[in-house]
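Scroll down for the structure; my scribbles are underneath it.
Quick note: the coordinates plus some simple rules give every number you see, no bench work behind them. Keep in mind that this is a model prediction, so the values were computed, not measured. Please note: Cβ atoms are built from the backbone with ideal geometry, for glycine as well, and neighbour counts cover all protein chains shown.
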Amino acid sequence: MQAFLHHLSPYAHMLLAEKPLALLAWPTIAIGAGMLARYSLGKTSQRLAIVPRTAGGLVGVVTAPFLHANLAHFAANITPFVVLGALVLRKGSDTFVETLAAVALGSGVLVWLLARKGAHMGASGLVFGLLGYLLSLAYVTRATGDLVIAGLVVLVYGGLLLGLKPARRGTSWEAHLFGLLVGMAKALWLGH
């Protein structure tokens, strides 16, 4: 596969086969593929969402971040995921993978345990988790670079925090809240 990618384009090879960029590119591609799967499967794709406190809904802890209710939902998540993911990735490949895994699993389990009934899906829990990590990282390290990034993140993506209040019926504000909390805990608990 690497030879194919290298012949296709050196940029494609760098993006899809070399760390650290591939660590961000593949989840982004998977989220895009999940959007296509959502349209292909229609309503049956809700079986892959987190449905709180149901045995079948547990599968969504792993699959729900890749599904989106519609194109607007996908568009609202994909750019912040890439931007915030790239900012976490600057702290190293291991930190990025650990943070993304902790946020995905931690927020997914909390949604399954505590959220209201419904089909919870989308990458917004991941987005809020990355946001929470970056903000808490600045608090923990107080390093100039981390503080500047946190300030820029608040300036550009601070409006996301409005998604924490239960305003719209179809929005999983619980995934937003739990993602943010898990991301913050990851930075605070590990001290970075």
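Given MET35, THR171, MET14, which one lies farthest toward the positive end of the charge dipole of the chain, if we put +1 on the Cβ of every Lys and Arg and -1 on the Cβ of every Asp and Glu?
About the Cα centre, the residue reaching furthest to the positive side is THR171.
For the chain, what number results from the quotient of the Cα radius of gyration and 2.2 N^0.38 Å?
1.03
Take ASP146, ASP94 and order them by how many other Cβ atoms sit within 10 Å, fewest up front.
ASP94, ASP146
Quick check: residue separation of LEU188 and VAL83 times 0.36 nm, minus the Cα distance between them. What number comes out in nm? Please report the intermediate quantities before stating the final value.
Working: separation 105, 0.36 × 105 = 37.80 nm, distance 2.15 nm.
Answer, rounded to one decimal: 35.6 nm.
How do MET35, MET14, MET121 rank when sorted from fewest to most other Cβ atoms within 10 Å of their own Cβ?
MET14, MET35, MET121
Taking 7 Å along the Cα-to-C-beta vector as the label spot, tell me the THR28-ALA12 distance in nanometres, rounded to one decimal.
1.6 nm
Quick one: if you stick a label point 7 Å off each Cα along the C-beta vector at GLU98 and ALA55, how many nm between them?
3.6 nm
Report the extension gain between LYS43 and VAL109 in nm, rounded to one decimal, defined as 0.36 nm multiplied by the number of residues separating them, less their alpha carbon distance. Mind dumping the intermediate values first?
Details: separation 66, 0.36 × 66 = 23.76 nm, distance 2.27 nm.
21.5 nm is the gain from fully extending LYS43 to VAL109.
Note the per residue figure in Å³ for the convex hull of the C-alpha positions in segment 124-180.
Taking only Cα atoms, segment 124-180 has a hull volume of 63 Å³ per residue.
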